[in-house]
Structure formats: C-alpha cells, structure tokens
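Below: the structure, in structure tokens.
The values are calculated or read from the model by the stated rules, or taken from the named source; none is laboratory data. Just so we're clear, the structure is a prediction, and the values are computed from it rather than from any experiment. Positions of Cβ are backbone-derived with ideal geometry, glycine not excepted, and every protein chain shown enters the neighbour counts.
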Amino acid sequence: MADQPIYPSLVASHAGLWLAGPDGEVQRVRRGDAIRRAADTPHLLLNAPLTASRLGYPELSGMDLLELYAFVHPASFAVPTPRGLAKALGLEAPRGEEAEARFLQAAAAKLLATLGSPNWAERYGAHAAASSLNRLRWSWGTEVAARVARPEKPERGLFQALPKWEDSAPRPKPRDVTLDPNAVDSRLDALLGAGSEERPGQRAYARSATHAFAPRRAAGVPNVALSEAGTGIGKTLGYLAPASLWAEAADAPVWLSTYTKALQRQLDAETARLYPDPEVKRRRAVVRKGRENYLCLLNLEDAVQGAFQGRAAIFSQLAARWAAFTRDGDMIGGDFPGWLVTLFQRSALTSLTDRRGECVYAGCPHFRSCFIERATRASAQADLVIANHALVMVNAVRGRAEGSAATRIVFDEGHHLFDAADSTFALALTGAEAIELRRWIIGPEKGSRGRRRGLSARLSDLLSYDEEGAEALDAAVEASREMPADGWLSRLAEGAPDGPIEALLAAVRAHVYARAEAPDSGYGLETEVANLLPQVVDAAGTASIALERLVKPFAKLEARLVALLEEPPDWLDIAARARVEGAASGLRLRQAMLAGWLGLLARLAGPADPDFVDWFAVDRIDGSERGVGLHRHWLDPTKPLAKAVLEPAHGVLVTSATLRSRGSEATDDWRDTEMRTGATHLPLPPARFAADSPFDYARQSRVIVVNDIKRGDIPALAGAYRTLIEAAGGGTLGLFTAIARLRAVHARIADGLAQAGLPLYAQHVDPIDTGTLVDIFRADAHASLLGTDALRDGVDVPGQSLRLVVMEGVPWPRPTVLHAARRAAFGGAAYDDLVTMGRLAQAFGRLIRRGTDKGVFVLLGAAVPSRLLAAFPAGVTVERVGLAQAVATVRQLLADERVDA
C-alpha cells in the first residue's frame, strides 16, 4: 500500500460543487454528477453532514477528515473548516472552493503521515483503538490501522491508565477576614501586569466588590453587592482580585458562577493570570458543571464493549481516544469537539454522560478514575470554583454543596439570575419526567441494551440483609409500574393510554387541543389551568392516588438506608456505603419531586396558589408531538432564589455589563434590578455600584432603525439582510425572534452571498452545534451567522469578525401563559419594556467588545417605540431611515473594517 494514497475529494458550498480527482485536478460539477460519483467512490469530505445538507443528498457518506482529526489529535481544538483545519495542522490556508478541494487531499496526507511520525504526541493507545475501529469498518480504518505501529511495550488499557483521584481531609471553616483595599489594588495590578493601561473604573469596581467578602453580620443576612460594569471596564479581573485574595486569606473557595459556557471558558482562561503555572492552576482554579456534562466511564465501557452498534460504535471509540487525553472529561463545552457529535448522533453523546441519575458511585469499577468525582474533590480544595448558575442553585436546593460550602458567590452575567432561577425552581409533570422516574426505579425496559441500572438492581443485594428495606423496595418497584412506559406518546395520540398517569396526560392533551388557539399551527400549544374539563379533574384524582403509592415506600426505603448508615453492619464496606448514600440522596430528591407533583394535582381540584403559575402544554416541533405535561413556575422565582441560595451565603456579588434597567423615565433605577436578582427579599438592602463603559460609543458605533420593511414580508426581509451583509462585507450577526423566519431568509440569500465570497451559516439550518458555529464565525471575517436567543446572549467575537448586528424585529416577549401572569403582576406594559430593552442591550453588547472595535446595529422595524431606544448606550447616534440609506450608511461607516477576500 502506498504511503500517501490520494483519494478524490468533494467540496460543497452554497456557491457550488467542486471535485478534485486523485491527480489533484479540480472541476466544478453539477449536483447529479457529484452525487453519482460520491455514491460510486469514497470521497474525502470535511464535515459530511454539512456537505450532505449543501448537496441535498442525506445519504452521502465518505471519508470525513474531521473523524480522522479526532483520532489523530484527540482533545485538540480545530475550527471545522478548511481554514480552521489548515491552522490546526500548520498548513497554508486555501483561498476559494477550488483550492479547498485540493486542500482536503493535502490535509489527509498530513494527518496520515502523522501516524508514522516519532513526534506524534497522541500515540498512546492508538494501536488498540485503530484495531477496534478497523473491525467496525470505519471508513478510515484500513488506512489508519496500516500506519499505526504496534507499541514496543504493552500499553495499559484506557480504564487502567486514567489517573486516580485522592481523597483529602475536609477544609476547616472559612476564617473571618476583612480585605484591605490597598491589597485589592495590588492584586489587581499584578493581574493586569506591568505597563497596563490605568482604568479608574476597574479599580473602583474591584474595591466596591469587597463588600461581598466582608464578614456577615447575622445568620440569613448576607452582604449583597449589585455591581454594573459597562463593557470594557474589565469586570472579570475586577472581581478576581478580591475573590482570590479572600480565598487565600480565608482558606475557602469562592464560587464564580456564569450563565453561558462561553464565559465559563473565558473565566477559566483568565485565571491563568493568577496561576501562571499550569499545575498550580489545575489545583487552585477548578471548572465545575452538572453531572450531565461529564463522560461516564461506566457508560463508555458499555459502549466500547458492544452496547453501541454501527456509527454509534465508531463514535464510542473516538470518544475513548479523547478520554485518554482530555483535561477534565467535560463533553459539553470542554475540550471535547462539539462538531464530532454532529458527525454521528446526539443520542450517542447523551448515552455516554450521566443524565438519568443512575450513578452507582463507589459501586462503579471506575469510581476512582471518575471525572465527576475528580472535579467534585478538586473543587473542595480549590480557591476558585468556576461553575454556572444552575449548578450553584441545584446544590443549594439539595441542601449540600458537592465539594465545599459556597459561603461567597460571584454571579457574573447577573442579569440572567431571574431566568436561571425560573428554570431551576420550576416543576413539570410530563410524560418524559414520569418515564424517567420509572426507569430510575426499575431500570431500562425489557429488551434494552446495556446494564440494568435501576434502583432495584443497585440495591437488591444490599437489602437482601434488610427485610424491611427489601419490602419497601419491592413496593416502590410495584408502584412505579403505573408510571408511563415506552411508547406512551403514541398511545396518547391513539387514544389508548395505559395506566393512571398516561390517562392524566391524555386528558391534559385533549384539554389543550380543545382550548388552544390555532391547534393546527404545528407549533407548541398551551392553555391556562382554568375551567377544567371534568375528565381532567377526575384523571388528576386517580393519578394522585398512584403517586401516593410511591411516597410511602420511598420514605420507608430512605429511612432504612439512613439507618444502615447510622449503625452500619459489618458487611457494609466503603463501596456499599457509597451506594447507599447515593440511593438515599436520590430518594430525597424524588420525594421532593413527588410532593411537588401531588401539590400541582391538588391545585387542579382547588383554588390557584398566588405564588405559582400553572399551565398545560403539548410540545410540538414542525407539527410532530414531542411531549405532554403540566407545568408550574414561581410567579417570582427570586423568592426561592433568595431563600435557598442568597440567605445561606455570607456574601454575594451580582454583576453584569447590563444589570440596571434602562428607561426613558429613570435611567439609573435599581428597583427592577433588585427585584430580578432577589435582593428585595433579603433583610438588608444591597450595596450598589455602577461604572459606565470607557468605550466611545458615539464614535465607535451607530444604531439604525430601518422603517420601510413591512412586518411579515419575507422577500423584503431577506433582501434587507442580503444587502446589509454585502454592504458590511460579511462579519454580520443576524438575530431572529422566530426560527421559521430565520430559515426562510437563509434559504433566499445563502447562495447569492456565497457567490460573492461571503459564506453564511445558520442555527437550525446547518447541522452544526451552536458553539462550533460561533467558532467558525469568529475565525472568518467574511462569514456571517444567523441565529436566535442563544447567539444574542452568548457570543463574544471581538474585532473585525463582528462588525454588524441585524435584528429582524423588536424582540418582544412571547405571549405565553407564564409571561401573561408576570406581566400582570410586575407592571403590565412596563414589564414588557423591561424584558425587551434587556434583550436589545444584550444584542447591542455583542457589537463593541474592545476599544478598537467599530460596528453598526440595525433594527428592522417600521414602528419601533422611541422609549425602547433607551436600551442603547448614551451618546450613540440613532437614525430612522429607509433600507437604501441604511445600506449606504453601513457601507460608509464600515469601509475601513471590511476585510479583503
């Protein structure tokens, strides 16, 4: 076999299709010719699903270079584009699709050559993985297996080679310390480095943040600081200075909480300024996420031993390659390449993480190597724990911090606290939740592959020594059989529910279809819980009886497990004890859930609780039903936030670049800020601080309201997007309030822009995860990206790659049952304005990320209320003009920002 076989390659873009033959000759071809050739002969591809989408041939398969890259360089970052791959491989970047077709061949040769290089850093374990992949008939299997030499010495398998964590003694109670403002200044200077620009606003911000680290005056009375730091102030280093000083002096962790994974990654990177030595940083700054983010080694072992079949089995082998080199086992936003999932099936990823609460803890043979347990123990000894709002809140709800108590918390992106609390403290009795409860107790349905991981299987051997516990477990198993089973959604649609919970869901479904507006729209439906149909009330009573049958055995079983822990018998070793502790914790959580469900069902036959908003919903996507259920949210979710999270803490800093509400009447009004962060529910008022952005927004930016695009006119909307993107030369973030309009616009403009050398990517269109889409957008100054809410809040693209933001309309809140209730409670139309201006401020905030940036914000709307324009920074020029004038202004203002192709 030749050392470097040359395969034909295929490149598909919105501009056309190109094929490079084995001799490197490139030709542009028609769709039919490309499909016929690709079907006859394996071609080199870069991102097969995306190529298939552009080609319009879903059955396309071939030799995907991204899969080869994931094997050769696991846990190494690469933007999944020709230019991105060229950068990762140290090759010259191709210019144009014709050059890209040849580049795929050069990249394949470079990757295959690496397999035989003595300097290949990721050689360990490659031979065994290549052999397994070849047996699975991986498209690259023959080529890879032929090049990976057998190791001279036997290598340990993955599960034996992974490092083991070590337990440490618990840390003492945090010392009471008071920070010296001068020491905070010195620490900030050290973080900034010699010769850095003096920022008075940042220094004042850092000093004000020390309020959250002062000793608490009384139990339940935390020191809360609300601090707004405009973009460019440098708030991250501003709060890292006092946080790191307090952690060192108090010998206790500070939890730094974010809302988006992007900021979590940014925070992790910034801590390198504190701890330049990577080994020191690894110990003192730890990233924490929920269990569902991490690879479960027991799931991986199942997968590589045969639980996965076909393409999923190949995915499991590539995931095993990554597991040997990953920093922390984080599969969602960590060093696991997000694009690898889109090459296979997302279900393959979720099957490798712990998403069902089925962990057997010390009963697992990989417990000492577990990434989750390692992160938990590392955070207990760390100075800084970089977490997210959901994890901080969930730990508080559970009544325990998995690692160490969070007495000091910094909530960055604090404007999202209300939304994060809304999700955390919500309750839903849905078919999906109920079937998961059944599986947690019984295990997978008969015929499912993999090990049995239900509560019954996890505890049956331990409870064989305890008659009362065994009886309680049997009763729980029997009662759980009344929960929905596989196929429940089909049975509901057929009018043949099985069991009391399915009967309730069927009644709820009928009620929604009877009362909802536009039931044939294809979108999700919801209705208020009011004037209920009699069959709903009757079904709720029967379902309550079924749920109550679970409550008693759950309580009894937890009591027996606690008794085992308090008076352990001789046979209860360390591993068994950990299993018992895990099961008891899981039982407590599910008893709380059952109590919530029973309270929700009781409300159906009685008066509404003024603290809650209840509704019924049928979830649909493109007309296909995905779920049915009853939902309950707090009217004001900051009430449980204050009780469960803020009050137990000693000090909390809530910070953001857009923390305060903006309005024409009160630009400095903190009232809404205190309401949306939970501060109004605390005994003492919070300390307040605000520092305006140092950016010259009047010079660096412009806001344009285009007033001649009629709402609902999709051709005109598409034309506006295309001409604005062309005027900016790409570098455009297009934000939509509806997926349908996003898709319609993308379909109309993608080809034309590609012909002009301006690639266009889109959420909900391109088969690429959102994080990777942002990476692609950031790496190509000519590219543009269309998306929805996730891009409005979670994009950090400084420089020329983002110079124009276009919103397709005013981002009013959706008129849901929940929003209607909050609107009535929190000020009517003023509440709508509060939410909308927050969204506009966040969208504008994507545009100017550093002092040298220039950009234009365009809002397409014929009748944008003037009061909403207060969302933009003071001094920014706002123009209301027609599209033609807007295009001319964008072209003129961004003439110096355009990047030559």
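Residues in segment 177-186 that are under 11 Å from Thr210 (Cβ atoms) and either among the hydroxyl-bearing types (Ser, Thr, Tyr) or surrounded by 18 or more Cβ atoms within 10 Å (Cβ to Cβ) (or both): Thr178, Leu179, Val184.
In the set Leu111, Leu158, only one residue is under 25 Å from Arg282 (Cβ atoms), of a type outside the set (Lys, Arg) and surrounded by 19 or more Cβ atoms within 10 Å (Cβ to Cβ); that residue is Leu158.
What about Glu100, is it of a type outside the set (Gly, Ala, Ser), in contact with a helix residue (DSSP H, G or I) (Cβ under 9 Å, 6 or more places away or on another chain), surrounded by 15 or more Cβ atoms within 10 Å (Cβ to Cβ) and assigned by TED's automatic domain parsing to the domain that holds Ala130? Talk me through it step by step, then tell me what you get.
On the way: of a type outside the set (Gly, Ala, Ser): yes; in contact with a helix residue (DSSP H, G or I) (Cβ under 9 Å, 6 or more places away or on another chain): yes; surrounded by 15 or more Cβ atoms within 10 Å (Cβ to Cβ): yes; assigned by TED's automatic domain parsing to the domain that holds Ala130: yes.
So Glu100 fits the description; yes.
For the residues Leu55, Leu89, Leu65, the requirement of being at pLDDT 95 or above and in contact with a strand residue (DSSP E or B) (Cβ under 7 Å, 6 or more places away or on another chain) singles out Leu65. Just one of (1) modelled with pLDDT under 85; (2) surrounded by fewer than 21 Cβ atoms within 10 Å (Cβ to Cβ); (3) not in a loop (DSSP other than H, G, I, E, B) fails for Arg458. It is (2).
State yes or no: is Lys289 closer than 30 Å to Ala874 by Cα, at pLDDT below 95 and among the basic types (Lys, Arg)?
Values: closer than 30 Å to Ala874 by Cα: no; at pLDDT below 95: yes; among the basic types (Lys, Arg): yes.
Taking the combined requirement at face value, the residue does not satisfy it.
Within segment 674-687, the set of residues being within 30 Å of the chain's Cα centre (by Cα) and either closer than 19 Å to Arg850 by Cα or not in a loop (DSSP other than H, G, I, E, B) (or both) comprises Glu674, Met675, Arg676, Thr677, Ala679, Thr680, His681.
Can you tell me which residues in segment 758-773 are of a type in the set (Ser, Thr, Tyr), assigned to a helix (DSSP H, G or I) and buried (at least 22 other Cβ atoms within 10 Å of the Cβ)?
Looking only at segment 758-773, we keep the residues that are of a type in the set (Ser, Thr, Tyr), and these are 761, 770, 772.
Now narrow it down to the ones that are assigned to a helix (DSSP H, G or I): 770, 772.
Once the filter is applied, which keeps residues that are of a type in the set (Ser, Thr, Tyr), assigned to a helix (DSSP H, G or I) and buried (at least 22 other Cβ atoms within 10 Å of the Cβ), segment 758-773 yields only Thr772.
Here is a yes/no grid of residues against (1) surrounded by 21 or more Cβ atoms within 10 Å (Cβ to Cβ); (2) in contact (Cβ under 8 Å) with a residue 12 or more places away in the chain; (3) assigned by TED's automatic domain parsing to the domain that holds Ala740; (4) of a type in the set (Asp, Glu):
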| residue | (1), (2), (3), (4) |
| --- | --- |
| Asp775 | yes, yes, yes, yes |
| Leu804 | yes, yes, yes, no |
| Pro811 | yes, yes, yes, no |
| Val817 | no, yes, yes, no |
| Ala825 | no, yes, yes, no |
| Ala843 | yes, yes, yes, no |
| Leu847 | yes, yes, yes, no |
| Ala871 | yes, yes, yes, no |
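Among helices (runs of 4 or more DSSP H) entirely within segment 283-378, having at least 2 residues that are aliphatic (A, V, I, L, M) and touching a residue at least 40 places away in the same chain (Cβ under 8 Å) singles out 297-302, 311-323, 338-342.
What about Trp255, is it modelled with pLDDT of 95 or more, farther than 27 Å from Ala121 by Cβ, over 15 Å from the mean Cα position of the chain (by Cα) and not in a loop (DSSP other than H, G, I, E, B)? Considered against the rule, which asks whether it is modelled with pLDDT of 95 or more, farther than 27 Å from Ala121 by Cβ, over 15 Å from the mean Cα position of the chain (by Cα) and not in a loop (DSSP other than H, G, I, E, B), Trp255 comes out as yes. Exactly one condition in (1) part of a helix (DSSP H, G or I); (2) at pLDDT below 90; (3) of a type outside the set (A, V, I, L, M) is false for Asp474; which is it? For Asp474, the exception is condition (2).
Listed by position, the helices (runs of 4 or more DSSP H) enclosed by segment 80-148 that each have at least 2 residues that are touching a residue at least 24 places away in the same chain (Cβ under 8 Å) and under 28 Å from Ala12 (Cα atoms) are 82-89, 97-114, 141-147.
The set of residues from segment 489-503 being without any contact (Cβ under 8 Å) to a residue 60 or more places away in the chain and within 20 Å of Leu437 (Cβ to Cβ) comprises Ser490, Arg491, Pro497, Asp498, Gly499, Pro500, Ala503. Looking at Arg676, Arg688, Arg671, just one residue is without any contact (Cβ under 8 Å) to a residue 24 or more places away in the chain and more than 30 Å from Val890 (Cα to Cα), and that residue is Arg671. Scanning segment 337-373 for residues that are modelled with pLDDT of 90 or more, farther than 25 Å from Val286 by Cβ and among the aliphatic types (A, V, I, L, M) yields a total of 1.
Against the conditions (1) modelled with pLDDT under 95; (2) in a helix (DSSP H, G or I); (3) under 27 Å from Asp383 (Cβ atoms), Ile233 satisfies every one except (2).
Conditions tested, residue by residue: (1) under 26 Å from the mean Cα position of the chain (by Cα); (2) not aliphatic (A, V, I, L, M).
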| site | (1), (2) |
| --- | --- |
| Leu55 | no, no |
| Glu59 | no, yes |
| Tyr69 | yes, yes |
| Ser76 | yes, yes |
| Thr81 | yes, yes |
| Gly84 | yes, yes |
| Ala88 | yes, no |
| Glu97 | no, yes |
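In the condition set (1) in contact (Cβ under 8 Å) with a residue 60 or more places away in the chain; (2) out of contact with any helix residue (DSSP H, G or I) (no Cβ under 9 Å at 6 or more places or on another chain); (3) not in a helix (DSSP H, G or I), Arg265 is compliant with all but (3). Inspection of segment 61-79 finds no residue satisfying the criterion of being more than 21 Å from Trp120 (Cα to Cα), surrounded by 15 or more Cβ atoms within 10 Å (Cβ to Cβ) and free of Cβ contacts under 8 Å to residues at least 60 places away in the same chain. Of all residues in segment 319-349, exactly one satisfies the criterion of being crowded, with 21+ Cβ neighbours inside 10 Å and hydroxyl-bearing (Ser, Thr, Tyr), namely Thr342. Each residue in segment 553-575 was checked for being hydrophobic (A, V, I, L, M, F, W, C), loosely packed, with under 15 Cβ neighbours inside 10 Å and part of a loop (DSSP other than H, G, I, E, B), and 1 pass. Only residues that are out of contact with any Leu (no Cβ under 9 Å at 6 or more places or on another chain) and within 17 Å of Arg439 (Cα to Cα): list them for segment 551-584, please. Gly582 - this is the single residue of segment 551-584 that is out of contact with any Leu (no Cβ under 9 Å at 6 or more places or on another chain) and within 17 Å of Arg439 (Cα to Cα). Listed conditions (1) modelled with pLDDT of 95 or more; (2) part of a helix (DSSP H, G or I); (3) not assigned by TED's automatic domain parsing to the domain that holds Trp246 are all met by Leu641, apart from (3). Kindly indicate whether any position in segment 598-606 is within 30 Å of Ala476 (Cα to Cα) and in a loop (DSSP other than H, G, I, E, B). Yes, there is a match, as at least one residue in segment 598-606 is within 30 Å of Ala476 (Cα to Cα) and in a loop (DSSP other than H, G, I, E, B).
Which one is surrounded by the most Cβ atoms within 10 Å (Cβ to Cβ) among residues in segment 428-438 that are closer than 12 Å to Arg590 by Cα and of a type in the set (A, V, I, L, M, F, W, C)? Lay out the reasoning, then the answer.
Here is the first cut: in segment 428-438, the residues closer than 12 Å to Arg590 by Cα are 433-434, 436-438.
Subsequent filtering for residues that are of a type in the set (A, V, I, L, M, F, W, C) retains 434, 437.
Numbers: Ala434: 27, Leu437: 20.
Applying the filter and picking the extreme gives Ala434.
Of all the listed residues (Val360, Val341, Val392), the sole one being among the hydrophobic types (A, V, I, L, M, F, W, C) and in the same structural domain as Ala250 (by TED's automatic domain parsing) is Val392. Checked against the criterion of being modelled with pLDDT under 95 and more than 17 Å from Ala434 (Cα to Cα), segment 611-621 has at least one qualifying residue.
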